1. For the structure I just gave you, tell me whether ALA76 is under 19 Å from the mean Cα position of the chain (by Cα) and not in a helix (DSSP H, G or I).
2. Outside any loop (DSSP other than H, G, I, E, B), within 17 Å of the chain's Cα centre (by Cα), at pLDDT below 95 and under 24 Å from ASP72 (Cβ atoms) - does that describe any residue in the range 161-177?
3. Among the candidates LEU109, LEU146, which residue alone is part of a strand (DSSP E or B), in contact with a helix residue (DSSP H, G or I) (Cβ under 6 Å, 6 or more places away or on another chain) and crowded, with 21+ Cβ neighbours inside 10 Å?
4. Do we find a residue being outside any strand (DSSP E or B), touching a residue at least 24 places away in the same chain (Cβ under 8 Å) and within 30 Å of PRO51 (Cβ to Cβ) anywhere in the range 99-106?
5. Please enumerate the residues belonging to the range 41-72 that are surrounded by fewer than 17 Cβ atoms within 10 Å (Cβ to Cβ) and among the charged types (D, E, K, R).
6. Tell me which of these LYS57 doesn't satisfy, since it passes every other one: (1) out of contact with any Cys (no Cβ under 9 Å at 6 or more places or on another chain); (2) modelled with pLDDT of 95 or more; (3) farther than 22 Å from ALA163 by Cα; (4) part of a helix (DSSP H, G or I).
7. Identify, by number, the condition in (1) over 19 Å from the mean Cα position of the chain (by Cα); (2) touching a residue at least 24 places away in the same chain (Cβ under 8 Å); (3) in a helix (DSSP H, G or I) that PRO42 doesn't meet.
8. On the basis of being without any contact (Cβ under 8 Å) to a residue 12 or more places away in the chain, surrounded by fewer than 22 Cβ atoms within 10 Å (Cβ to Cβ) and not polar (S, T, N, Q), does ARG160 make the cut?
Amino acid sequence: MTQHLRIANAEFRPRKPGDFALTETAQDILRSLELMRHKPEPGVVMIAGAPGTGKTKALEFFASGLGHDAIDVPIASGIGTENGIADLLLRAFAIQGNGMSLVAKHETLSRYIGRGRAVILDECENLSAKAASSIASLAEMTGFDLVLCGGLDLQHQVNRVPALRSRVHASRPVIIKQASRADVACLVDGTAFATDAAIKLLHAVAQVRDGGLRNVEAAMHQATLFAGADRPTVEHLAWAIRDLKLAPKGMEQ
């Protein structure tokens with residue numbers, strides 16, 4: 001007969017889902033970004049990684065440390081053209097680019113961004129090759145650092161843009177194929193799930209449907225709800241994984 005574990009005390013959590021964790025991957029990303037910031041000339045850093053590996057969280061942490069010196073914008077689908085990116089950056093300064101030529105937009109951005117800032121573009125899989133070349137040229141001309149973050153295909157996109165390729169490869173690019181066991185161990189550190197058995201199970205869960213660390217956090221949260229006021233166990237975790245339909249291949253149903 002199928003067992004059901006009761007969800008109780010939904011307010012209790014061992015850690016807040018979505019909180020930044022200084023994982024092995026995050027440290028790798030931050031090292032490249034810090035090296036970029038310490039160079040006298042403006043740099044371009046590429047971060048290409050699988051979904052759910054903590055790229056965006058690491059960028060948000062980096063940007064928060066820079067304050068007003070960071071301009072962090074995601075690129076939505078359909079706006080990755082030269083004009084679309086220029087308009088997106090102009091809106092960061094509450095400027096509407098309607099009616100402006102691309103040259104005028106770039107001149108305005110050069111004045112407003114200025115030298116020494118860091119422009120962070122996330123979801124760069126939506127960035128066209130022409131737009132990537134254009135923003136790289138603007139960064140070099142103005143003197144600001146540029147961070148390009150996206151999926152694993154981003155490395156191939158960059159290699160097709162001569163204006164970017166050599167600069168990216170000179171600035172310690174970061175390529176993340178999957179969430180590592182060390183990433184999972186860092187995420188669960190200080191919680192009831194910081195055991196070898198739980199970490200092994202959660203690492204397998206991270207590989208399901210390319211969910212990465214998002215799967216891990218969802219499973220931890222659900223297991224905590226199942227445990228109620230009690231300390232979550234591996235049994236709670238296993239039931240949570242099945243309940244969320246995140247069971248890795250070979251896990252007993």
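1. yes
2. no
3. LEU146
4. no
5. Residues satisfying the conditions are GLU41, GLU60, ASP69.
6. The one condition LYS57 does not meet is (2).
7. (3)
8. So ARG160 does not fit the description; no.
The values are calculated or read from the model by the stated rules, or taken from the named source; none is laboratory data. Because the structure is a prediction, the values reported are computed rather than measured. So basically every Cβ, Gly included, is an ideal-geometry build from the backbone, and we count neighbours across all protein chains shown.
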